[in-house]
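Worksheet for the structure shown next.
Laboratory data are not the source of any read-out in this text; all were calculated from the coordinates shown. Computed from a predicted structure; not experimentally measured. A quick note on method: Cβ atoms are made from the backbone with ideal geometry, for glycine too, and the neighbour counts reach across all protein chains shown.
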Amino acid sequence: MRTRNLFTKGTECSPADPLPQRQIMSKDSQMRAAINHKLIEMGERDRLKELLRAKLVECGWKDQLKAHCKDVIREKGLEHVTVEDLVTEVTPKGRALVPDSVKKELLQRIRAFLAQHATL
């Protein structure tokens, strides 16, 4: 008996066929999904995003990243840079420039939220 695999579009397998590891949602992935769902459901995700925006503006991150974008565009030339190129080039530096204090504060807020809503 062949059945349709719900994890992959158009792929069929028999009940005896083992699913590839990447198709089985790990415990970690399940937990992340549950936490994300709870954050969205309770409106906390939007509040955290607003806090992050404010903190990044406050610490000058936005201005630093904007300057880096301008530098990349100057180096490569406006006609030779696509949005995808810019995102690829700027993302690692953008992540690295986020101050540890901002990361710690967000993590603390997420932990406090989870402690308060521990029914996950």
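3J(HN,Hα) along segment 79-96: 6, 10, 10, 9, 4, 4, 4, 4, 4, 4, 6, 8, 4, x, 5, x, 5, 5 Hz, from the Karplus curve 6.51 cos²θ - 1.76 cosθ + 1.60 with θ = phi - 60°, whole Hz, x for Gly and Pro.
The label point for V87 and the one for V57, both projected 7 Å from the Cα toward the Cβ, are 2.3 nm apart. For L106 and Q30, the FRET efficiency from 1/(1 + (r/R0)^6), where r spans their Cβ atoms and R0 equals 30 Å, is about 0.85. In segment 64-113, if the dipole is taken from +1 on Lys/Arg beta carbons and -1 on Asp/Glu beta carbons about the Cα centre, which of C69, L106, V81 is farthest to the positive end? Checked the options; the winner is L106. Annotation for H68 and A96: the two label points, set 7 Å from Cα along the Cα-Cβ direction, are 0.7 nm apart.
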